[in-house]
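Got a structure for you, questions after.
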Amino acid sequence: MKPLPWRAVFGYGAGDAANNVAFMTTTMFLLVYYTDVAGISAAAAGTLLGLVRIFDAFADVFAGRVVDGAKVTRWGKFRPFILFGSIPLLILAFLNFHVPQIGESGMLIYAYLAYAAMGLAYSLVNIPYGSMAGAMTQRDGDRAKLASARVVGATLVSAALGALVSPLIVPGPELQGIFTRVLLILIVIGFVLYMVCFFSTKERVHRPVARVSMRDSMKSVSSNKPLLLLMASSVFFLSAYLCLNTVQIYYVRDVLEQPTLFPLIAGGQMILTLIMVVAMPKLVTAFGKKKLYITFGALVVLGGVIVSSVPREMVWLGFVGLMIALLGVLGNNVVVFALEADTVEYGEWKTGVRSEGSIYAVFSFTRKCGQAIGGALAGWALSIGGYVSGAADQTAEAIGGIQFAAGYVPAILALIATAIMIKYPLTEKAHTGIMEQIKIRQETGMLPQMDPFKETKKK
């Protein structure tokens, strides 16, 4: 198979940039919109974010089954979802930031329905988008390029939102108009990016995909110890990430009182991500994925403690703590999918069946649950601290609540996630042994009687 042209790699990265126009905009700003514009209490908003994101987890499983049952068209199997799903997704993202003033109950019902509908639309675009990489190429090097392009595309959008939009989000009567103008611009940008992805990519690998029942999926997962540990750890790590990402704007705006830091934070995230993408292969070779995962967790703990414990007057130390925590979550986001891929081979070695789709769907389900918990904790922590929606000056208790939500909550969650991964057994040495045994089974039909977790086959 010929190498992928750079046009296709660039187009694939544009696809995840488009995905994050909807995903990151709601992740970063929807809680602020609920509290400061719609007037929904922080506690109710946190509960809303938690419940709907749990619904999103089930929506991913549903979307996976829809995609598995889709027919191959002249555009391929996955690309039509991008073509026809992009406009509904972007429109729903816009509607989430336009809650009508129809009474407290009516506003909450509208917010629940709009966010849930967007979550389903996102799943029906994002799941086929993620699956498309395997249909574009079978070359390991090209798949690595696609993964890197995806990370860069998503980070560019996140950095742009942080640098250009976050400074605009200040309490006041003009905030609704600001959200309206910003979302209209983002809809246009997102649609263009989706079309770039659709027209520059091509599905070149076509193979039948067996439909796996939910019962078989659960059976496969339950016997995969490394996957179970990674899933459990990811729930806590994603909770830490979403809580930090959601409360970050409150921390910079209301605690540090330095909205001019938003562009600096966004630029720092972009630079750190690019460094991670380039350096990760060498870091994995030098230290191993498990050690890196634990190290990134320790960085989130360290950064969170700094964020929560330093006085608000020490702006630069608070900024440093925030960047350390962000470095931890960014590093985790790069290495975690490499760990997930290793668990696929473990499952094949354990059961004789290779089931990437089932494992990815269940793994995605647990990550969505982590996102739900993190978003809910962010809103609840603000509420407990007494955050006042739209107030220019917050009380000392509210400031403390924001610091706790931005620092100690992610730190505690990351500490639990890291502790779980200490028991993770699938090291590089064990994975090498598993791959060698799978190869022998494919050639001879028999699995060697040796434990890859104690020794590897000498070459």
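Derivation of every value follows stated rules applied to the coordinates shown; laboratory data play no part. If you're wondering where the values come from, they're calculated on a predicted model, not measured in any experiment. We place every Cβ from the backbone using ideal geometry, glycine too, and count neighbours over all the protein chains shown.
Compute the relative contact order of the chain as a whole-number percentage, counting only Cα pairs closer than 8 Å that sit 6 or more residues apart in sequence.
Working: 689 pairs, mean separation 113.9, N = 459.
Dividing the mean separation by the residue count of the chain yields 25 percent.
Here is a follow-up. Hydropathy first: keep DSSP H helices in the chain averaging at least 1.6 on Kyte-Doolittle, then drop any whose Cα extent along the axis falls short of 15 Å, and list what survives.
Helix filter hits for the chain: 79-96, 175-200, 261-287, 409-421.
Rounded to the nearest 0.05, what FRET efficiency do S105 and Q176 give with R0 = 30 Å and r taken as the Cβ-Cβ distance? Could you check?
The computed FRET efficiency comes out at 0.90.
Which of A286, V72, G267 sits closest to the plus end of the dipole of the chain, meaning its Cα is farthest towards the positive end, when Lys and Arg get +1 and Asp and Glu get -1 on the C-beta?
Selected residue: V72.
OK, next. To the nearest 20 debye, what is the magnitude of the charge dipole of the range 1-138 about its Cα centre, counting +1 on the Cβ of each Lys and Arg and -1 on the Cβ of each Asp and Glu? Please report the intermediate quantities before stating the final value.
On the way: 8 positive and 6 negative charges, 158 e Å.
In debye, rounded to 20, the range 1-138 gives about 760.
Expressed as a rounded percentage, what relative contact order does the range 378-417 have, with Cα pairs under 8 Å and six or more residues apart? Can you show the working numbers first?
Working: 28 pairs, mean separation 15.4, N = 40.
Averaging sequence separation for qualifying contacts and normalising by length gives 38 percent for the range 378-417.
Here's a follow-up. Taking a label point 7 Å from the Cα of T395 along the Cα→Cβ vector, which residues of the range 309-340 have an amide N closer than 16 Å to it?
none
Classify the range 50-114 from the C-alpha gyration tensor, please: rounded if a/c falls under 1.5, else prolate or oblate depending on whether a/b exceeds b/c.
The shape class here is oblate.
For the cross-link pairs K289/K350; K225/K289; K2/K368; K145/K282; K282/K429; K282/K423, which exceed 27 Å when the distance is taken from alpha carbon to alpha carbon? Show your work: numbers first, answer last.
On the way: K289/K350 21 Å; K225/K289 17 Å; K2/K368 36 Å; K145/K282 15 Å; K282/K429 16 Å; K282/K423 24 Å.
As for pairs spanning more than 27 Å Cα to Cα, those are K2/K368.
Right, next: Highest mean first, what order results for 267-276, 28-37 on Cβ atoms within 10 Å? Walk me through the numbers before you get to the answer.
Values: 267-276: 17.3, 28-37: 23.1.
In descending order of packing, they fall as 28-37, 267-276.
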